[in-house]
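These notes concern the structure reproduced below.
The values are calculated or read from the model by the stated rules, or taken from the named source; none is laboratory data. Since we're looking at a predicted model, the values are computed, not measured. Cβ coordinates were reconstructed from backbone atoms using ideal geometry, including for glycine residues, and neighbour counts include every protein chain displayed. The protein model used for the area step is the full one, side chains on, heavy atoms only, and it has no ligands, DNA or RNA in it. Shrake-Rupley method; radii C 1.70, N 1.55, O 1.52, S 1.80 Å.
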Amino acid sequence: MSFDEFQFHPHIIAGITACGYTAPTPIQREAMPPILAGRDILGLAQTGTGKTAAFVLPLLQRLQAGPRKKIRALIVAPTRELAEQIHENIGTMSGQTRLRSVVVYGGVGKPGQIKKIREGAEIIVACPGRLLDHLNDKAINLREVEVLVLDEADHMFDKGFLPDIRRIMKHLPNKRQNLVFSATMPAEIRHLAEDILNDPATVQINHTEAVTTISHVLFQVTKENKTAMLKSIMSQEKMTTTLIFTKTKHKAKSLALHLEKSGYSATSLQGNLSQQKRQQALDGFKNGTFKVLVATDIAARGIDVSGISHVINYDVPDTVEAYTHRTGRTGRATRTGEALTLAANEDVRMIQTIERTLGKKMIRRNVTGFVADAPCEEPLKTREERPIRKKYTPARSGRNKRTRATSFDFGIPVPAQRQ
Ligand code: AMP
């Protein structure tokens with residue numbers, strides 16, 4: 001199938017060519033016909049599937065005809081980074097159409113945003129909080145909006161934005177087209193979708209479909225040895241661009257500094273940074289100044305950096321959704337990538353859950369010459385499987401740790417121990 005079948009306006013075809021797309025992805029094939037026909041959509045798809053273009057291209061086709069300098073489309077996204085990225089994608093795709101988008105989020109001054117809105121734009125890409133501020137200040141008028149897009153609705157729910165979304169909807173006309181995208185469908189999103197959508201076409205792209213180009217690899221290690229193992233992996237694997245995830249902001253910062261001292265061009269992206277610093281880190285990673293970005297989960301959603309060769313879970317994420325979103329940063333669209341996870345004893349349960357969702361086992365791998373911890377004489381037992389009376393002893397740091405048996409349970413053959 002080619003893009004020809006959608007009969008896009010030549011200016012939009014020019015945008016598709018500018019992006020370098022030759023054929024539509026599955027979500028684009030499925031979602032674009034009903035969107036072009038003016039129907040509401042419930043799109044169950046995660047980032048990495050090409051869902052941004054799936055809604056932006058039909059949106060541009062619609063806006064191409066009709067009045068200018070009125071806000072006719074509103075796209076709401078849960079994070080500043082995602083909003084910025086959608087706005088950038090629109091910029092590339094809309095070049096010849098001369099349609100304009102303005103991005104609106106907190107952490108930066110309001111006057112610049114208001115000025116751009118007053119200059120005239122047809123599309124607003126916004127995070128809920130700042131958009132509500134502008135609505136309350138009467139700086140934005142959404143009464144002419146024809147299309148509402150809610151992107152990553154499940155993440156909006158996670159961030160507690162659903163009440164804001166409902167408030168924003170009060171500023172929209174009742175007659176409009178609604179497109180809701182979500183990677184997962186918790187009850188709250190289903191209710192919201194039922195309220196918002198009118199006879200929607202449901203488009204579902206399987207989770208596994210988006211990750212078929214990713215190899216999932218597991219390394220077992222103790223918490224204490226993670227940084228050493230990470231550096232061993234990084235020195236052995238052929239990595240071009242690497243995105244590393246940590247659980248905490250503090251760890252993201254300290255690990256990036258440590259890697260920088262070890263000779264890597266590394267930086268961090270985490271919530272303690274100002275919006276300007278975040279953008280600098282992201283831009284530096286995108287333009288190749290930094291080869292390694294250490295991030296917390298705020299960066300996991302929607303960040304579109306092409307050619308990420310490796311995603312490394314320095315810390316195993318707390319949910320399967322977070323794993324899917326993190327690892328979805330590599331192997332995007334038609335590219336291939338590797339998702340490497342460093343797992344310690346306490347991560348056994350989460351790894352099992354992730355593997356159930358993936359529908360397959362992760363590839364177990366050792367790092368040549370690296371001993372993660374003491375050998376397991378009686379290895380591979382989860383907490384539940386161990387005899388009841390035997391006390392669970394988590395791995396401890398200390399000089400004697402190599403002589404103590406551990407309870408790794410990832411089925412990785414433990415290499416001969418270094419003397
Ligand atoms: P998204 O899911 O919208 O974040 O898109 C994921 C990645 O796929 C982005 O890098 C897009 O530029 C890319 N992409 C989107 N549509 C296509 C397509 N039809 N062909 C190739 N790459 C695409």
Selection over segment 21-48 where residues are outside any helix (DSSP H, G or I), more than 11 Å from the ligand (Cβ to nearest atom) and under 12 Å from Thr202 (Cβ atoms) yields a count of 5
I'd like the full set of residues that are outside any strand (DSSP E or B) and open to solvent by less than 10 Å² (accessible area, probe 1.4 Å), limited to segment 136-153. Leu142, Val145, Asp151, Glu152, Ala153
State the number of residues belonging to segment 323-347 that are away from the ligand (no atom under 16 Å from the Cβ) and at pLDDT below 85. 0
